[in-house]
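Every read-out reported here was derived from the displayed coordinates using simple, explicitly stated rules and does not represent laboratory data. No experiment lies behind these values; they were computed from the predicted model shown. When we count neighbours, we look across all protein chains shown, and the Cβ atoms used for this are built from the backbone with ideal geometry, even at glycine.
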Amino acid sequence: MPVPTPTPAEDDIAARLRSRPRRFEAFIRWTLFLAAALSIFTTIGIVYELGRESLNFFTRQLWEDTNKQLAAAVGPTDTVLPVTRSGAALHPDDTIRVEEEVMRVLAVEPTALTVARGQQGTPATAHAAGLDIYRGTRVSLVEFFTGTQWAPQIGKFGMLPLLNATLIVTAIAMIVALPLGLGIAIYLSEYASDRARRLLKPTLEILAGVPTVVYGYFALTLVTPLLRAIFGKDVVEVYNMASAGIVIGILVIPLVSSMSEDALSAVPQSLRHAAYALGATKLETALQVVVPAAFSGIAAAFIVAISRAIGETMIVALAAGAGPNFTFNPFEAAETITGHIVRISSGDLSYDSIDYNSIFALGLVLFFMTLTLNIISQRVVRKFRQVYD
Amino acid sequence: MKTNGAEDLFQPNLPRRHRIGRWGLILFQISTLVGIVVLTALVLNVLNRTFGYVAMTYQVPPEALSINGIPVERLHPLDLAYLLRQHLPPDLLARLESEGPLEQRDRRELLDLLTTKVMRPKVLETWTLAQSLFCRQAIQTRVARLYPDARLVFRSWLTPEFLTRPQSSRPEFAGVRTAVLGSLWVVAITIAFAFPIGVGTAIYLEEYAKGKDTWVNRIIQTNINNLAGVPSIIYGILGLAIFVRALAPLTSGAIFGLVPEGATANGRTILSAGLTLGLLILPIIIINSQEAIRAVPKSLRLASYALGATQWQTIWHHVLPSAMPGILTGTILAMSRAIGETAPLIVVGASTFITVDPTGPFSKFTTLPIQIYQWTARPQDVFRHLAAAAIIVLLVMLLALNATAIILRNRYAKRRG
């Protein structure tokens with residue numbers, strides 16, 4: 001049968017259909033791709049900005065008072081400085097500063113320093129006796145991760161107190177959230193009637209939707225007085241890690257229960273029926289058959305909950321206290337990483353101060369901690385997931 | 001046929017296993033009960049501080065301002081204006097008159113002026129609702145002993161004046177107007193920024209990138225999933241570095257010449273806050289929209305292609321309208337999240353004390369959650385009451401938003417049949 005040849009009118013329509021939409025389609029496609037690419041730029045932006053300011057933080061020159069003073073006046077060209085015996089010991093190659101002039105130490109004796117004058121572009125000038133000598137230091141990575149004191153005014157930048165507080169608060173939150181969340185999930189997926197489920201799921205959604213600042217208020221005005229009434233006013237401080245931890249746990253319960261319930265519901269009924277057929281009770285089926293089968297999803301839920309608790313800010317800012325404190329007692333006040341970031345940035349912040357840089361260094365640590373946890377949770381799901389057909 | 005050995009092993013153990021099973025059920029039910037108990041405790045705790053007895057003194061008591069026995073709250077605006085003229089110092093009167101004649105003002109405004117400038121109440125001590133209901137005698141004896149000149153009033157901290165007054169350092173006069181307006185402005189910019197980009201990204205990932213499993217598309221998807229889990233304060237830090245600092249000319253309005261002479265161009269504006277929150281909720285909108293678009297049946301697309309439509313025509317006229325309820329629900333949930341966010345906005349630089357209403361994207365701002373945070377952080381008891389009232393305002397806003405989401409979802413679902 002011969003193919004009918006298109007009429008001129010059809011040719012015209014065909015030509016119009018071909019040309020215009022294609023260019024428009026390409027334009028739309030590229031616009032949408034750019035929108036999608038913005039998300040990549042966000043991550044790049046986070047890593048770049050955090051990294052750059054953290055670099056500033058670690059390369060910034062700090063001046064530490066050595067408690068040594070100039071024992072006598074010196075002129076602009078003197079290379080030997082008489083100094084007092086007191087104060088910290090100096091070493092060759094140390095950088096020191098007197099007034100505005102930076103010098104490098106070449107040789108050290110008990111009462112005299114041989115120095116190279118006018119370093120780092122500062123002019124060599126005369127200095128009077130009795131002036132303080134400052135030593136140049138930087139925040140080293142080692143000090144940052146292992147130092148146990150965070151006191152910017154005296155140049156101490158060890159983040160262990162902040163990290164410790166974060167971990168203790170998270171641990172308390174997990175003690176609250178994991179059993180309760182898993183219990184709720186098992187109840188919802190194995191036991192609950194339709195009516196119970198219709199009442200419970202909205203309740204959990206409401207709990208999940210409450211803003212964290214309201215939870216912080218709750219921690220400060222109800223949980224802390226409760227703890228103080230139970231354990232005594234002299235045991236529990238007004239600001240303490242325990243009440244922040246408990247409330248973060250409550251905040252995280254809906255997350256744990258919904259993710260765990262999804263995992264439990266995904267386990268096919270055939271497994272449960274097989275267990276019942278062998279004579280198992282409902283509890284035995286739930287705990288020994290269904291939960292292990294849903295293990296990957298439940299583990300992922302736990303890890304995501306930990307990540308959420310680590311990143312929580314407002315509850316600790318309101319209830320856990322201000323001021324870093326390295327302690328293992330949960331009833332004491334301590335500041336977490338996030339609480340510290342918020343406190344520092346809510347004051348007056350000059351863009352070149354070391355406080356400003358420290359926010360970024362701490363933020364970088366926080367970012368990598370949560371990112372690692374999230375990646376681990378995705379890997380856990382992929383690796384341990386049992387596939388049923 | 002009896003298998004003796006097995007049955008003897010099986011039977012005695014059975015009651016114990018059933019008993020353990022019952023205990024297990026009770027444990028799980030208790031867990032669930034804890035969730036409900038906590039939610040109730042939270043709401044009751046907030047309500048507890050929203051109402052209660054207050055011991056207060058007045059500089060000029062309201063009774064002194066009643067005319068012919070009519071209490072001041074029920075006076076006619078002309079009478080209120082007359083009282084103001086009688087009691088206000090002349091310079092204040094002149095300033096008020098320059099803004100507009102007193103007699104033409106709204107009654108509520110005049111009453112507010114009388115309260116704040118003439119009567120000047122001062123709060124001495126406050127009590128919660130529970131205390132007010134159950135320890136009334138004790139409170140009355142205490143007030144009689146400590147504050148002989150004060151009067152004991154039962155009041156609600158959540159009043160219409162609370163909603164219309166701006167921020168103030170005196171708890172008696174404080175209101176949330178600046179905070180609510182700030183929140184609304186910020187959320188408006190957030191949605192204007194995040195909705196088109198989020199839905200666009202979702203369309204790209206679900207329609208154009210499907211089947212082309214290139215490394216770029218896989219990276220984009222993984223990246224979005226990871227971004228959804230980043231703590232909100234990190235977005236605040238990012239916003240501080242990029243929008244407040246690096247893009248300060250843009251976000252402060254300097255580029256558009258909007259910075260008044262002599263003032264420093266500061267990037268801590270509503271625009272920065274809106275963009276920061278926009279980045280924060282972008283992954284949420286993307287993921288929810290993706291799910292909504294994925295739920296559109298393939299047959300719909302194929303039918304459209306069969307009729308000769310291009311890809312974009314199919315998307316715009318068929319896929320999007322079909323996925324819109326899901327997309328809108330996800331967007332409204334993201335909006336609720338944005339309204340409640342505090343930490344990123346503190347880092348981006350919400351003002352700690354601001355009494356002027358925000359006038360546009362380049363204004364300084366404060367938001368409702370930040371106001372709640374500031375009031376809660378104050379040591380005085382009075383501010384806890386204000387915080388409780390503000391929390392109720394916030395929760396009502398969120399409730400309205402979520403109810404809208406549910407209504408929209410049901411209406412669209414019904415239309416689709």
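Relative to the longest principal axis of the Cα atoms of chain A, the long axis of helix A:241-266 lies at roughly 30 degrees.
Helices in chain A, meaning DSSP H runs of at least 4 residues, each add -39500 (n - 2.57). Divided by all residues, the mean residue ellipticity at 222 nm is -18500 deg cm²/dmol. In order along region A:136-141, the Karplus-derived 3J(HN,Hα) couplings, from 6.51 cos²θ - 1.76 cosθ + 1.60 at θ = phi - 60°, round to x, 9, 10, 7, 8, 4 Hz, and Gly and Pro are given as x. Expressed as a whole percent, how much of the Cα-Cα distance distribution for chain B exceeds 39 Å? It works out to 43 percent of all Cα pairs.
A simple count of charges around A:Asn240, restricted to other residues whose Cβ falls under 11 Å of its Cβ and scoring Lys, Arg +1 and Asp, Glu -1, yields -1.
The angle between the Cα long axis of helix A:8-59 and the main principal axis of chain A comes to about 40°, on a 0 to 90 degree scale. What the phi angles of region A:187-192 give under the Karplus curve with 6.51, -1.76 and 1.60, with θ = phi - 60°, is a coupling list of 4, 5, 8, 9, 10, 5 Hz, glycine and proline written as x.
Between the amide H of B:Ala174 and any residue lying 5 or more places away or on another chain, no distance stays under 5 Å, with hydrogens modeled in the peptide plane. Hey, any idea what Rg/Rh is for chain A, computing Rh the Kirkwood way over Cα pairs? Reported Rg/Rh (Cα atoms, Kirkwood Rh): 1.19. If a/c stays under 1.5 just call it rounded; otherwise compare a/b with b/c (prolate if a/b is bigger, oblate if not). Do that for the protein assembly as shown, with a ≥ b ≥ c from the square roots of the Cα gyration tensor eigenvalues. It comes out rounded by the Cα gyration axes.
Gyration tensor analysis over the Cα atoms of region B:177-416 returns equivalent ellipsoid semi-axes of 37, 22, 16 Å (largest first, whole Å). Along its three principal directions, the equivalent ellipsoid of region A:62-137 from the Cα gyration tensor extends over semi-axes of 15, 14, 12 Å, largest first. Semi-axis lengths, largest first, of the ellipsoid equivalent to region B:125-196 are 40, 14, 8 Å, with √(5λ) applied to each eigenvalue of the Cα gyration tensor.
Just want the ordering: A:Tyr351, B:Tyr305, A:Tyr239, A:Tyr217, from fewest to most Cβ atoms lying within 10 Å of their own Cβ.
Working: A:Tyr351 11, B:Tyr305 14, A:Tyr239 22, A:Tyr217 30.
Listing A:Tyr351, B:Tyr305, A:Tyr239, A:Tyr217 from fewest to most nearby Cβ atoms yields A:Tyr351, B:Tyr305, A:Tyr239, A:Tyr217.
When the Cα centres of region A:227-264 and region B:108-147 are compared, how far apart do they sit, in Å? Using only Cα atoms to place each centre, the spacing works out to 34 Å. When the Cα convex hull of region B:50-156 is projected onto planes of every orientation, the mean area is 7.8 nm².
Once backbone amide H atoms are built at 1.01 Å from N, A:Trp150 has A:Gly158 as its partners under 5 Å, excluding neighbours fewer than 5 places away on the same chain. By how many degrees, 0 to 90 and rounded to 10, does the Cα axis of helix B:90-99 deviate from the longest principal axis of chain B? The two axes meet at around 40 degrees. Phi angles across region B:324-338 convert, under the Karplus curve 6.51 cos²θ - 1.76 cosθ + 1.60 with θ = phi - 60°, into 3J(HN,Hα) values of 4, x, x, 5, 5, 4, x, 5, 5, 4, 5, 4, 4, 4, 5 Hz, Gly and Pro given as x.
Using the Stokes-Einstein relation with a Kirkwood hydrodynamic radius computed over Cα pairs, the translational diffusion coefficient of region A:1-93 at 37 °C and a viscosity of 0.692 mPa s comes to 150 µm²/s. Its DSSP H runs of at least 4 residues, each contributing -39,500 (n - 2.57), put the calculated 222 nm mean residue ellipticity of chain B at -20000 deg cm²/dmol, to the nearest 500.
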